[in-house]
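The block underneath contains the structure these notes are about, expressed in structure tokens.
Read-outs throughout are calculated quantities, based only on the coordinates presented, and are distinct from any laboratory measurement. All values derive from a computational prediction rather than experimental measurement. For neighbour counting, all protein chains shown are included, and Cβ atoms are generated from backbone atoms with ideal geometry for every residue, glycine included.
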């Protein structure tokens, strides 16, 4: 299938009346979906967000089907998962063992 990202299963939105399929970007406007937060204020030390101006994410939309003219509502749940990328973390000093006139580089 053309246009898939990193072999992810494509996500379609279906009209509840006729089953017409849409890609999410045909219905959701990215700037509105992700919001437009500005002037973000964080707690010193913890970096927790205390306040911001603008709009947060909008995970609901309404649409009129292009195929059968049925109005329908769309809502989505979005989760973010994080984990440390230890292979690309260069914030720590790296030490190379030095033995005599030889340097050994670990190339895992």
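Worth pointing out:
- Members of region 69-80 that are surrounded by 12 or more Cβ atoms within 10 Å (Cβ to Cβ) and assigned to a loop (DSSP other than H, G, I, E, B): 70, 76
- Test: residue in region 41-62 that is within 30 Å of residue 18 (Cα to Cα) and either part of a helix (DSSP H, G or I) or more than 20 Å from the chain's Cα centre (by Cα) (or both): yes
- Matching residues, region 19-40, being within 15 Å of residue 74 (Cα to Cα) and more than 19 Å from the chain's Cα centre (by Cα): 19, 20, 21, 22
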